[in-house]
Amino acid sequence: MAFILFDIGGTNMRVASSRNGMTFGEPKIIPTPKDFDDGMKTLKEAALSLTEGEEVSAVGGGIAGTLSRDRAVFVNGPHLQGWNGKPIKKALEELFGAPAFVENDTAIVGLGEAVAGAGKGHAIVVYMTVSTGVGGTRIVDGKIDVSAMGFEPGHQIIDAGGALHETTVAGRGIDLEGYISGTAVSARYGKKPKEITDLAFWDEMARLLAYGLNNTIVHWSPDIVVIGGSMMNQIGIPVDRVRAHLKGILHIYPELPLIEHSALGEIGGLHGALHFVKQSLSRKK
């Protein structure tokens, strides 16, 4: 019996299988089809090549976008418009003849970091991803915290009057994502983030991220904040500068929570998917 694990992003999907419920094999990384039916077909083909005919007992993972309250319908994904409004849970269960469990991709990556990555051993973990967009989740005692519609800390307002930064783009510039996401940086400066090597620029992005983390920390009161995503890579926002700026911003607590870089890289979502499937199956019993 095998678990099928997935991490469906706007650009690529990662698929892996677990036969022992403890580890998973080498994942397949495939471009994500823009059409939902094509995406389901591609996912099934990749999964079956990994299981080699073994029966599938459950399938689960994350997808880049928002889901309905019952996590059965994919409601909206900015980079997966052809998937919007589709009954993803039902489609997966029909494809594999097994129970399927779906969550937001950031929540699943955060779960992976909490149980197997930089947040391991901590009771309350906040995971933030700074990439094409900005997202985040709260993990409590190794489980994704309860929410009605998911968590969206990237859309917190950090600059209602435009005081934090001197330039804005129409329709952007007041929430955290509108300042520090890869999409926002490219729109504002006309360059891909990886083409910007000015250390002062990245220190400014660290300052803006620190304002967002201040709000998230006082709302969620975590033991540790784990930060990942492509904007946190070698050319990008330095975690040490985020810590330094936070020390000058956050005063209500006697000390900062730990602020650490993610540890699992591009397979954090698969680690999270494995634990998510096991937890979901145990709740069904």
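The values are calculated or read from the model by the stated rules, or taken from the named source; none is laboratory data. For clarity, every value in this text was computed on a predicted model and none was experimentally measured. Cβ coordinates were reconstructed from backbone atoms using ideal geometry, including for glycine residues, and neighbour counts include every protein chain displayed.
Things worth noting here:
- Checked against (1) surrounded by fewer than 20 Cβ atoms within 10 Å (Cβ to Cβ); (2) modelled with pLDDT of 95 or more; (3) not in a loop (DSSP other than H, G, I, E, B), residue 48 meets all criteria but (2).
- The set of residues in the stretch 5-30 that are in contact with a Lys or Arg (Cβ under 9 Å, 6 or more places away or on another chain) and of a type in the set (Val, Ile, Thr) comprises 8, 15, 29, 30.
- Residues satisfying the stated conditions in the stretch 83-117, i.e. among the small types (Gly, Ala, Ser), buried (at least 22 other Cβ atoms within 10 Å of the Cβ) and over 13 Å from the mean Cα position of the chain (by Cα): 100, 117
- Failed item, numbered, when residue 134 is tested on (1) crowded, with 22+ Cβ neighbours inside 10 Å; (2) modelled with pLDDT of 95 or more; (3) among the β-branched types (Val, Ile, Thr): (2)
- In the stretch 210-235, the residues that are crowded, with 20+ Cβ neighbours inside 10 Å and outside any helix (DSSP H, G or I): 222, 224, 225, 226, 227, 228, 229
- Test: residue in the stretch 66-81 that is of a type in the set (Gly, Ala, Ser) and either on the phi > 0 side of the Ramachandran plot or assigned by TED's automatic domain parsing to the domain that holds residue 136 (or both): no
- Test: residue in the stretch 242-249 that is under 18 Å from the mean Cα position of the chain (by Cα), surrounded by 18 or more Cβ atoms within 10 Å (Cβ to Cβ) and β-branched (Val, Ile, Thr): no
- The requirement of being within 19 Å of the chain's Cα centre (by Cα) and within 23 Å of residue 139 (Cα to Cα) is fulfilled nowhere in the stretch 23-33; no residue meets it.
- Within the stretch 137-148, one or more residues are in contact with a Pro (Cβ under 9 Å, 6 or more places away or on another chain), in contact (Cβ under 8 Å) with a residue 60 or more places away in the chain and within 18 Å of residue 263 (Cα to Cα).
- For the stretch 142-158, a residue qualifies if it is more than 17 Å from residue 63 (Cβ to Cβ), in a loop (DSSP other than H, G, I, E, B), in contact with a strand residue (DSSP E or B) (Cβ under 8 Å, 6 or more places away or on another chain) and not aliphatic (A, V, I, L, M), and the qualifying residues are 145, 156.
- Within the stretch 76-103, being assigned to a strand (DSSP E or B) and either farther than 26 Å from residue 138 by Cβ or at pLDDT below 95 (or both) holds for 76, 86.
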